[in-house]
Amino acid sequence: MMNKATKSIVIVGGGTAGWLIAGRIAAQHKSNTKEGVQVTLIESANKSPINVGEGTWPTMRTTLKKIGISESDFIRECCVSFKQGAKFAGWVNGAKDDFYYHPLVLPQSYPSINLAPYWQNDPLQNANSFSNSVCYQEQLCQLGLAPKLITCAEFTGIANYAYHLDSAKFAVFLQKHCTKKLGIKHVIDDVIAVNPLENGDIGSLTTSNSGHIAADLFVDCSGFSAILLAKHYKSAFVDKSDVLFVNQALAVQLPYQDEADDIASHTISTAQDAGWIWDIGLPSRRGIGYVYSDNHQNEDQAIERLAGYVGKDFDKLTIKKIPINSGHRKVFWKNNCVAVGLASGFLEPLEASSLVLVEMSADMIADQLPANRQMMDIIAKRFNETFTYRWQSIIDFLKLHYILSARNEAFWRDNRQTSSIPESLQELMQLWQYHSPYDHDFNHRNEVFPAASYQYILYGMGFKTDYQLQSSSFNQQEFARQQFTKNQQLTTKACQLLPKNRELLAKISQYGFQCA
Amino acid sequence: MKKHLVEVNFKEHSHYSLLAKNTTEQAAKLNIIPVGLNEIKQASQHYPLVWVKSSHTGQFKLVALFGFETGENVYCQSKLWHTIPSPLSLKNDPFYLGYNNKGAEQRFKQHLTRSVKTEHAKSTTDKIEKTPSYNPSNDVILCIDKNSASLDDNGKHNNSGLPFYQSNNQPSACLQNAQRTLATLTQGQALTDEFLSKIASLQLMQPLKLDITWQDNTQADISGLYTIDPLQLNLLKPAAHADLIAQGYVDTIELLNSSLAHIQRLVQLKNNLIEAHQEVLSL
C-alpha cells in the first residue's frame, strides 16, 4: 500500500485553478501516453466557477509554455492584454498627483548594485520618483505602450510583462487544450460522497452519474466550498481579517467609449475611503471593482464610490458581489489530498496573488509529484511549510501598502494600528528604518516577492530609510550615477521603440507571433 | 516618397517612357533585400539567404544578406555587385500589380504557383494536374508609381528612355517585360508564403546568432536572423518528413542552408574592407 506508485490524479473543479493544475501535471507527466500519469478533472454540472483572477504575474508565461500553449492563440482567445505592473493612485494622501508604480522590471543593474540608498541621497535623483529613477517601465505604462514588438518570439519581450485576461474564457481555453492535446479526462458531474480508506486517505469519489472515481492523489480546486479539504477533512481556516480589512468586492465590466481608446498596460489601483478600486483594461472592455471593508462603509456608500469612479454609464452595468474571506487553510495538503486556488484560501487582489499561487502550487505538485504513497507524506509536509510561508509573505506584503499610507479615514487609521500588523512585518519595518530592503532580507528559497518589490512600495510611498549610521559603506557613487544615466537612456529608447498596447494587440490578432 | 499607383493605359500614358535605372546605387544602401523562393537556385550560389521578421507584421520574410548593419552592402563596397545575379525585387520599380477585386490576388497567385507544382509533380510522380483555363487579365492590372524617379512622362529626357507604347499604339517590349517580371516576383512571393507556412507550422525556424570579432577587434552581436534548423528537420515524424520531400521542400531547405556558407565570405569581405581602411589611416 505504502509503495503504491502515484499513477492517477483526480482534480475536483473546472475553474482556472483546476485546469492550470491539470495542464501542468499532464504535460509534465505525459498523460497522453500509456505510461503517463492519468489525470481526470471533475467539473460540477451545477456550480459555475468563480474565476476571479484577471491579473497574472510574469510567471504565467513560463506556465503556459510548459503546458504547450501558443502565446498568440492565448492572447486571441482569452481576450488578453499586457500587464507591466501596477499603478497605485491616492494611496499616500489621496491628492490628485499622488501615485506611484510597482513595475515588473527590476531596478537597473539589480542585484549587482542596490540603488535605493544612492537614489535617496542624491538630490538630482530623488527629485524623480524612485521607480522612474531606476526603471524604465513606469514611462511605458504612462504612455500606454506594449512591452514587446510584433517581431519578438512568443513569451519573450523587451520589458518584463504579465497578462490581464478574461478568466472565464481562460478556463474554457485551458479546458480545450487539456482535453484535446494533453489527454486529460473531463467528467462533468457532481461529487456527492467522499469514500475514505482505512488510513484516512481518500479512496474514491462518488458522483451522481459517473459512479465511483478512484485515484492516488486528489486535488481540491472546488473553490470557496473546498469540498475535500474543508468539508471532508475539516482543515481549519486561518482567518486574516484582523490584518487585511477589506471583506467585500463589487465588480462591473465597462465597455470602452471608443474602440480606439488606449488599453492601460498596467493594473490601476485607486484608494478610496474604505478600500480601493481595481481597474483592468482588456482589449474588449475594462474590469473594474471596489474592494472595501463593510465594517467601515455600508454597501450603498460603496456602490456610490464605485459609481463615482465609473462615471455616467454606471447605471447600465450589472454589479457582481463577491465576499472576501481573507485567510487560508492551516494545512493545504492532508493525506492524499491537496487544495489549490480558492479552496486553499483567498486574499484581496491587490498584487494579483491568486493565480500565481495556483502556478506555484502546480509547479511544486508537478515537479515533486510523490513517486509513491510513502513519499507523499514528506512532500505534503514540505508543501505545507512552503505555502504557509508564502501566504504569510503575501499577507505582509499586502499589509505594507496600507501601513505606509498617511490617509486619515477610519479604515486607513485602523490599518496602521500596531495590533493589526503581523510581527514579521513589524520586524522588517524596524530593519528598514536603517537599511533598505535587499536580498539578505529575503533569502528563503520559496520567496514570493523579490526585495525589489518592497523597495518599489516603500520608496514609492515616500518612506525614508536613515542611512547616516552607515554612510561610510556607500562607496559606489560613480557606478550608481552611471546606472541612473543608463536607465534614462533605456527609458528614451524603449519609449521610441515600443508600439501602443492596442496597436500590438491588433497586430497579434491579425498575424500572431511567428514561431522560431 | 509615398507611392502613387495608377493603372497603365494608352490614353494617359502613351508618351511615357522608362528611364534607365541604377540599381547598384539603390542596392548600395541595403543590407538585406527580399528574394522569392523561385530565385534561390541561382541566388544560393552567390550570397547568404536568411529569414528576418518584418517589423510591420512580425511575419518571416526571405532575404539575401549583403551586410551586417543597416545601410551597409559589402558586395557593393567590394565592387562585386555586378558579378552576382541581383534580386528581382530591385527590378520592378516603377511597375506594380493591382488587383481588380477581392479574391483576385489569391486566384492569381494560385495560378502562378500551380504551374510550378505541376512541374514538380511531373518530375517526381508523373501525375500531371490539368491546369484549368485562367485569364489573368480579368484579375490583374499593371500599375505605375507616378512618384517614381524612373519615369519620364513628357519626353524631357530626350527620349532616352524605353517608350511604353509602340508607334502602332500597342504595348511595347518594356511593358511586356514589366509584366513578366512582376509575375515572376509575385510567383516567388506566393511560393515563399506557402513554404513558410509549412515551415512555421512544423516549428523548424531557429534564430541565428552571429558573434563576430572584426579585424580591428571591434565586436558585433548580430541578431534578428533566422534559419531552418536541420536537426529539427531530422527529428520530424516520418509522415511529416515524407510530406516535405513530396513537396520538394527538403531540396529547398538544402539550397537555403547551403547558402549560409557565404556568411563566412561576407565576413571576410568586410574584414578586407576594414583592413584596407586601416591601411589608409596608417599612411
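The values are calculated or read from the model by the stated rules, or taken from the named source; none is laboratory data. Since we're looking at a predicted model, the values are computed, not measured. Because the Cβ atoms are built from the backbone with ideal geometry, glycine has one as well, and the counts that use them run over all protein chains shown. Quick note on the areas: whole protein, heavy atoms, side chains included, nothing else; ligands and nucleic acids left out. Shrake-Rupley method; radii C 1.70, N 1.55, O 1.52, S 1.80 Å.
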Among B:232, A:277, A:506, the residue whose Cα sits farthest towards the positive end of the charge dipole of the protein assembly as shown (+1 at Cβ of Lys and Arg, -1 at Cβ of Asp and Glu, taken about the Cα centre) is B:232
Computed over chain A: longest principal axis from alpha-carbon atoms vs helix A:451-460 long axis, angle to nearest 10 degrees, is 50
From the phi of every residue in segment A:411-427, what ³J(HN,Hα) in whole Hz does the Karplus formula 6.51 cos²θ - 1.76 cosθ + 1.60 yield, where θ is phi - 60° and glycine or proline is x? 4, 6, 5, 4, 5, 8, 4, 3, 4, 8, 9, x, 4, 4, 6, 4, 4
Accessible area per residue, Å², segment A:284-360 with all protein chains present, probe 1.4 Å: 39
Suppose the Debye formula is applied to equal point scatterers at every Cα of segment A:281-432; what is log10 I(q)/I(0) at q = 0.13, 0.15, 0.18 Å⁻¹? -0.80, -0.97, -1.17
Which whole-number percent of Cα pairs in chain A have a distance greater than 35 Å? 36
Fraction of accessible area attributable to carbon and sulfur, the protein assembly as shown (%, probe 1.4 Å): 51
5 Å is the cut-off here: which amide hydrogens, built 1.01 Å from N in the peptide plane, fall below it relative to residue A:8, excluding neighbours closer than 5 in sequence? A:38, A:216, A:217
Measure nothing but the geometry: give the 0 to 90° angle between the long axis through the Cα atoms of A:167-181 and the longest principal axis through the Cα atoms of chain A, rounded to 10°. 50
Quick one: grab the alpha carbon gyration tensor of chain B, order the square roots of its eigenvalues as a ≥ b ≥ c, and give me rounded if a/c is under 1.5, else prolate or oblate depending on whether a/b is larger than b/c. oblate
Between B:19, B:67, B:44, whose Cα lies farthest towards the positive end of the dipole of segment B:1-111 when Lys and Arg beta carbons carry +1 and Asp and Glu beta carbons carry -1, centred on the Cα centre? B:44
Can you list which of the DSSP-assigned H helices in chain B have a Cα extent of 18 Å or more along the long axis and an average Kyte-Doolittle score of at least -1.0? B:173-201, B:262-282
Which cross-chain or sequence-distant (5 or more) residues have an amide H under 5 Å from the amide H of residue B:210, H modelled 1.01 Å from N in plane? B:222
Looking at segment A:137-160, which residues lose a minimum of 50 Å² of accessible area between their chain alone and all protein chains in place, measuring with a 1.4 Å probe and not counting ligands or nucleic acids? A:151
As a test of the formula, what do you get for chain B when each DSSP H run with n ≥ 4 contributes -39,500 (n - 2.57) and the sum is divided by the residue count, at 222 nm and rounded to the nearest 500 deg cm²/dmol? -12000 deg cm²/dmol
Three-way shape call for segment B:15-109 based on the alpha-carbon gyration tensor, with the a/c threshold at 1.5: oblate
First select every other residue whose beta carbon is under 15 angstrom from the beta carbon of residue A:476; then total the charges, Lys and Arg +1, Asp and Glu -1. 0
Considering amide H positions built from the backbone, and no H for Pro or chain starts, which residues 5 or more places from residue A:186, or on another chain, come under 5 Å of its amide H? A:41
Percent relative contact order of chain B, based on C-alpha pairs within less than 8 angstrom and at least six residues apart? 28
If the only charges are +1 at each Lys and Arg Cβ and -1 at each Asp and Glu Cβ, what is the size of the charge dipole of chain A around the Cα centre, to the nearest 20 debye? 1280
Relative to the Cα centre, what is the charge dipole magnitude of segment B:172-242, using +1 at the beta carbon of each Lys and Arg, -1 at the beta carbon of each Asp and Glu, and rounding to the nearest 20 debye? 340
Going by Cα centres, segment A:289-358 and segment A:219-288 are how many Å apart? 4
So what J values fall out for segment B:53-70 if you push phi through Karplus, 6.51 cos²θ - 1.76 cosθ + 1.60 with θ = phi - 60°, rounded to Hz, Gly and Pro as x? 9, 5, 6, 7, 10, x, 7, 5, 10, 8, 9, 8, 9, 10, x, 10, 9, 4
Past the 28 Å Cα-Cα mark, which pairs from B:29/B:53; A:96/A:464; B:21/B:79; A:83/A:334; A:30/A:240; A:66/A:240? A:83/A:334; A:30/A:240; A:66/A:240
Taking +1 at the Cβ of each Lys and Arg and -1 at the Cβ of each Asp and Glu, which of B:255, A:394, A:429 sits farthest along the dipole of the protein assembly as shown towards its positive end, judged by Cα position relative to the Cα centre? B:255
Going out from 0 in 5 Å bins, what whole percent of all Cα-Cα distances in segment B:171-283 drops into each bin? 2, 9, 13, 15, 12, 11, 11, 10, 8, 5, 2, 1, 0
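What is the sum of charges, Lys and Arg at +1 and Asp and Glu at -1, for the other residues whose Cβ falls under 15 Å from the Cβ of residue A:113? Please report the intermediate quantities before stating the final value.
On the way: positive: A:481, A:486; negative: A:122, A:439, A:478.
Summing Lys and Arg as +1 and Asp and Glu as -1 gives -1.
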Backbone HN-Hα couplings from phi across segment B:40-51 [Karplus 6.51/-1.76/1.60, Hz, Gly and Pro as x]: 6, 4, 6, 4, 5, 7, 10, 8, x, 10, 9, 10
Rounding to the nearest 20 debye, state how big the charge dipole of chain B is about its Cα centre with +1 on each Lys and Arg Cβ and -1 on each Asp and Glu Cβ. 700
Radius 12 Å from Cβ of residue A:46, net charge of other residues (Lys, Arg +1; Asp, Glu -1): -2
Quick check: the angle from helix A:299-310's long axis to the longest principal axis of chain A, C-alpha only, nearest 10 degrees? 60
Where a ≥ b ≥ c are root eigenvalues of the Cα gyration tensor, a/c under 1.5 meaning rounded, otherwise prolate if a/b exceeds b/c and oblate otherwise, segment A:68-179 counts as prolate
